[in-house]
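Trainee: My questions all concern the structure below.
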Amino acid sequence: LDMRKGGAVEPVRIQLGSFPEGRRFQGHGLDVSNTTDRVYSISHNGDHSSVDIFQIDYMQECLDSLPWDCQPVSLTFIRSIRSDIFPNYGINDVVEAEENQIYVTQWQPFDFPIRGTDNPDGWLEKLQGMSAMPIFLMGLKMTQVFHCSWTEDSEASCEAASEQKFLGANGLTIDQDRSMVFVNDPVDKMITVMERDKNTGKLTKVSEIKLPYGADNIEYDDEADEIIIGTIPDFIAAIKKKQVPGGMIVAHKDAANDWVVQDVLHHDGSKLNQISAAARWADKVVLGSPFSEGILVCQME
């Protein structure tokens, strides 16, 4: 999407180059790294979930034109990260820690059935499906964050990044110097701040950011030195699949080094239902939803 004045209103669809033939791609959480020019995407592929990695190639001549008259960016598939500890459909978001290291959040405690939740295969999948509501009502924390690392010549090795458990580890981001990792738990209405050991990849909880309502994806804005947060203020409406409001809040530290949360934008859900992510450029805010192929661009005053 060209956010410049005079840019085209419609987004440009990017094709995925060199993607494995016949393999399903169903994207979920995303991370764009300006350090390595890579895109990391959670993908749910039917019988397994993975993290797919793409190289970004910028077409500078096209990017400089106004409006764009060509495809300004291309994405080329590099590799896929799989692990036996990733529940099928149970991983949510990803963030790059180093060139060949990532963190991945687990938002569901158990695998989803390959044929969908309405078609469990066997008594174990039925039992796991029936336990979802009791786990939620009892506030049992059964999800976590994974750390994965690899080399160019080896498969990825993944393990739990810490002993910290969550109701549903969801949005994930990292600060500019990659020393602090932030994990959002929508039901808990809280972001957990975790210090990263750069040698081992292990995470240690150091503080919490209390949110006024539930949130989904989070992204660290390096320039503003704050966390951008997509919000879900009404979980009941979301569960009932009604019109769900949402928007954007930000979290930053004040002069006393305490976390402060500030409302930026609230939308009633009439133009875009259930906000999952927010982004900002100059005087515009872009909102996204898991239930729409489109996005909502909001002009700020």
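Trainee: Restricting to the stretch 169-189, what's the tally of residues that are open to solvent by 10 Å² or more (accessible area, probe 1.4 Å) and farther than 23 Å from residue 222 by Cβ? First the steps, then the outcome.
Mentor: Residues of the stretch 169-189 open to solvent by 10 Å² or more (accessible area, probe 1.4 Å): 170, 174-180, 186-189.
With farther than 23 Å from residue 222 by Cβ added as a condition, the list becomes 186-189.
Residues in the stretch 169-189 being open to solvent by 10 Å² or more (accessible area, probe 1.4 Å) and farther than 23 Å from residue 222 by Cβ: 4 in total.
Trainee: Just to be sure I understand the filter: pairs with C-beta atoms under 6 Å, separated by 6 or more residues or on different chains, first member in the stretch 270-291 and touching a residue at least 40 places away in the same chain (Cβ under 8 Å) and open to solvent by 70 Å² or more (accessible area, probe 1.4 Å), second member basic (Lys, Arg) and part of a loop (DSSP other than H, G, I, E, B). Which pairs pass?
Mentor: Here the result reads none, with nothing in the stretch 270-291 linked to a residue that is basic (Lys, Arg) and part of a loop (DSSP other than H, G, I, E, B).
Trainee: Let me ask something additional. Has the stretch 187-195 got at least one residue that is at pLDDT 95 or above, touching a Lys or Arg at 6+ places or on another chain (Cβ under 9 Å) and over 22 Å from residue 165 (Cβ atoms)? Working first, answer last.
Mentor: Residues of the stretch 187-195 that are at pLDDT 95 or above, as a first pass: 188-195.
Now drop any that are not touching a Lys or Arg at 6+ places or on another chain (Cβ under 9 Å), which leaves 188-195.
With over 22 Å from residue 165 (Cβ atoms) added as a condition, the list becomes none.
No, the conditions are met nowhere in the stretch 187-195.
Trainee: Return the residues of the stretch 259-278 that are charged (D, E, K, R) and under 20 Å from residue 243 (Cα atoms); say none if nothing qualifies. Full working, then the answer.
Mentor: Here is the first cut: in the stretch 259-278, the ones charged (D, E, K, R) are 263, 268, 271.
Hits for the stretch 259-278 are 268, 271.
Trainee: Here are some conditions: (1) touching a helix residue (DSSP H, G or I) at 6+ places or on another chain (Cβ under 8 Å); (2) of a type in the set (A, V, I, L, M); (3) loosely packed, with under 14 Cβ neighbours inside 10 Å. Residue 127 meets all but one. Which one does it not meet?
Mentor: (1)
Trainee: Have a look at 105, 117 and point out the one that is in a loop (DSSP other than H, G, I, E, B), β-branched (Val, Ile, Thr), in contact (Cβ under 8 Å) with a residue 12 or more places away in the chain and surrounded by 12 or more Cβ atoms within 10 Å (Cβ to Cβ).
Mentor: Values: 105 fails: in a loop (DSSP other than H, G, I, E, B).
The unique qualifying residue is 117.
Trainee: Select from the stretch 269-301 the residues that are polar (S, T, N, Q) and not in a strand (DSSP E or B) and list them in ascending order.
Mentor: Going residue by residue through the stretch 269-301, those that are polar (S, T, N, Q) are 270, 273-274, 276, 289, 292, 299.
Of everything in the stretch 269-301, those that are polar (S, T, N, Q) and not in a strand (DSSP E or B) turn out to be 270, 273, 274, 276, 289, 292.
Trainee: Has the stretch 2-10 got at least one residue that is out of contact with any Asp or Glu (no Cβ under 7 Å at 6 or more places or on another chain), modelled with pLDDT under 95 and surrounded by 15 or more Cβ atoms within 10 Å (Cβ to Cβ)?
Mentor: Initially, the stretch 2-10 is screened for residues out of contact with any Asp or Glu (no Cβ under 7 Å at 6 or more places or on another chain), giving 2-7, 9-10.
Imposing the further condition that a residue be modelled with pLDDT under 95 reduces the set to 2-7, 9-10.
Remaining after also requiring surrounded by 15 or more Cβ atoms within 10 Å (Cβ to Cβ): 2.
Yes.
Trainee: Taking the stretch 152-180, which residues are closer than 21 Å to residue 279 by Cα and in a strand (DSSP E or B)? Quick ask: steps written out before the conclusion?
Mentor: Start the filter on the stretch 152-180 by keeping residues that are closer than 21 Å to residue 279 by Cα, which leaves 169-178, 180.
Within the stretch 152-180, 172, 173, 174, 180 qualify.
Trainee: Let me ask you something else. When you look at residue 145, is it open to solvent by less than 40 Å² (accessible area, probe 1.4 Å) and under 23 Å from residue 258 (Cβ atoms), yes or no?
Mentor: The answer is no for residue 145.
Trainee: Quick one: how many residues across the stretch 29-60 are part of a strand (DSSP E or B), open to solvent by less than 70 Å² (accessible area, probe 1.4 Å) and not small (Gly, Ala, Ser)? Talk me through it step by step, then tell me what you get.
Mentor: Within the stretch 29-60, the first condition is being part of a strand (DSSP E or B), and the residues that meet it are 29-33, 38-44, 49-58.
From the residues that got through so far, the ones that are open to solvent by less than 70 Å² (accessible area, probe 1.4 Å) too are 29, 31, 33, 38-44, 49-57.
Remaining after also requiring not small (Gly, Ala, Ser): 31, 38-40, 42, 44, 51-57.
Residues meeting the conditions: 13.
Trainee: Based on what the data block shows, is residue 204 among the β-branched types (Val, Ile, Thr), on the phi < 0 side of the Ramachandran plot, touching a residue at least 12 places away in the same chain (Cβ under 8 Å) and open to solvent by 70 Å² or more (accessible area, probe 1.4 Å)? Give the derivation first.
Mentor: Details: among the β-branched types (Val, Ile, Thr): yes; on the phi < 0 side of the Ramachandran plot: yes; touching a residue at least 12 places away in the same chain (Cβ under 8 Å): yes; open to solvent by 70 Å² or more (accessible area, probe 1.4 Å): yes.
Criteria met by residue 204.
Trainee: So which of 111, 93 is out of contact with any Lys or Arg (no Cβ under 7 Å at 6 or more places or on another chain), of a type in the set (Asp, Glu) and either without any contact (Cβ under 8 Å) to a residue 60 or more places away in the chain or open to solvent by 70 Å² or more (accessible area, probe 1.4 Å) (or both)? Break it down stepwise before answering.
Mentor: Numbers: 93 fails: either without any contact (Cβ under 8 Å) to a residue 60 or more places away in the chain or open to solvent by 70 Å² or more (accessible area, probe 1.4 Å) (or both).
Selected residue: 111, the only one of 111, 93 that is out of contact with any Lys or Arg (no Cβ under 7 Å at 6 or more places or on another chain), of a type in the set (Asp, Glu) and either without any contact (Cβ under 8 Å) to a residue 60 or more places away in the chain or open to solvent by 70 Å² or more (accessible area, probe 1.4 Å) (or both).
Trainee: In the stretch 65-85, which residues are open to solvent by 10 Å² or more (accessible area, probe 1.4 Å) and assigned to a loop (DSSP other than H, G, I, E, B)? Explain how you work it out, then say what you get.
Mentor: First pass over the stretch 65-85, keeping only residues open to solvent by 10 Å² or more (accessible area, probe 1.4 Å): 65-71, 73-80, 82-85.
Result: 65, 66, 67, 68, 69, 70, 71, 82, 83, 84, 85.
Trainee: Has the stretch 154-161 got any residue that is open to solvent by less than 70 Å² (accessible area, probe 1.4 Å), modelled with pLDDT of 95 or more and under 22 Å from residue 219 (Cβ atoms)? Explain how you work it out, then say what you get.
Mentor: Within the stretch 154-161, the first condition is being open to solvent by less than 70 Å² (accessible area, probe 1.4 Å), and the residues that meet it are 154, 156, 158, 160-161.
Keeping just the survivors that are modelled with pLDDT of 95 or more gives 156, 158, 160-161.
Those left that are additionally under 22 Å from residue 219 (Cβ atoms): 161.
Yes.
The values are calculated or read from the model by the stated rules, or taken from the named source; none is laboratory data. Remember, it's a predicted structure, so these values are computed and weren't measured experimentally. Every residue, glycine among them, receives a Cβ derived from its backbone with ideal geometry; neighbour counts consider all protein chains shown. We work out accessible area using only protein heavy atoms, side chains counted, and drop any ligands, DNA or RNA first. Shrake-Rupley method; radii C 1.70, N 1.55, O 1.52, S 1.80 Å.
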